[in-house]
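Report on the structure given below.
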Amino acid sequence: QVRLVESGGGLVQAGGSLRLSCAASGTRSSINTMGWYRQTPGMQRELVATITSGGSTNYADAVKGRFTISTDNAKNTVYLQMNSLKPEDTAVYYCKIMVGPSGYWGQGTQVTVSS
């Protein structure tokens, strides 16, 4: 059974930094893509950043230049380094992995940026 464990969320002042981690276990096949999404109340979940097994990255325009996604493939872990945080980055952040055609979500971690 695939399991994703997220950590690193919390409360930070605007301009500060946080690093999110998501460790995947229970995958019997290779992970194709790992990524981070976020969701605020009443809004749809939106893409923040993704990274493929080949290292190709994709970022939402709102976070380009401030957030960096990376992986430790040996540990099946994906990270999201978030710098220069803004109050509008406040959301629940979810990691997602793609194993073949199947997608798996983490439980979410709250990030709150105070002004």
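Tell me the relative contact order for the stretch 1-97 as a rounded percent, counting alpha carbon contacts under 8 Å between residues six or more apart. Intermediate results must be reported in sequence, preceding the final value.
Details: 185 pairs, mean separation 33.8, N = 97.
Value for the stretch 1-97: 35 percent.
Using +1 at the Cβ of each Lys and Arg and -1 at the Cβ of each Asp and Glu in the chain, identify which of TYR79, GLY9, GLN44 lies farthest towards the dipole's positive end.
TYR79
Can you compute the charge dipole magnitude of the stretch 2-115 about its Cα centre, using +1 on each Lys and Arg Cβ and -1 on each Asp and Glu Cβ, nothing else charged? Give it in debye, rounded to the nearest 20. Spell out each step's value before the answer.
Values: 10 positive and 6 negative charges, 39 e Å.
Charge dipole, the stretch 2-115, about its Cα centre: 180 debye, nearest 20.
Determine which aspartates and glutamates satisfy two conditions relative to LYS86: a Cα distance under 19 Å, and not lying fewer than 8 residues away in the same chain.
List returned: GLU46, ASP61.
Among the DSSP beta bridges whose two residues both lie in the chain, what percent are antiparallel, rounded to the nearest 5?
Details: 40 of 44 bridges.
The answer is about 90 percent antiparallel.
Under 15 Å from the Cβ of SER17, count the other residues' Cβ atoms, weight Lys and Arg +1, Asp and Glu -1, and hand me the total. Let's see the in-between values first.
Details: positive: ARG19, ARG66, LYS86; negative: ASP89.
In short, +2.
Per residue, how large is the accessible surface of the chain? Use a 1.4 angstrom probe and give square angstrom. Numbers along the way, then the final one.
On the way: 6190 Å² over 115 residues.
With all protein chains present, the chain gives 54 Å² per residue.
When the accessible area of the chain is computed with all protein chains present and a 1.4 Å probe, what percentage of it is carbon and sulfur?
Values: 2810 of 6190 Å².
Carbon-and-sulfur percentage of accessible area, whole number: 45.
The values are calculated or read from the model by the stated rules, or taken from the named source; none is laboratory data. Since the model is a prediction, treat every value here as computed from it, not as a measurement. FYI the Cβ positions are ideal-geometry reconstructions off the backbone, even for glycines, and counts take in every protein chain you see. Quick note on the areas: whole protein, heavy atoms, side chains included, nothing else; ligands and nucleic acids left out. Shrake-Rupley method; radii C 1.70, N 1.55, O 1.52, S 1.80 Å.
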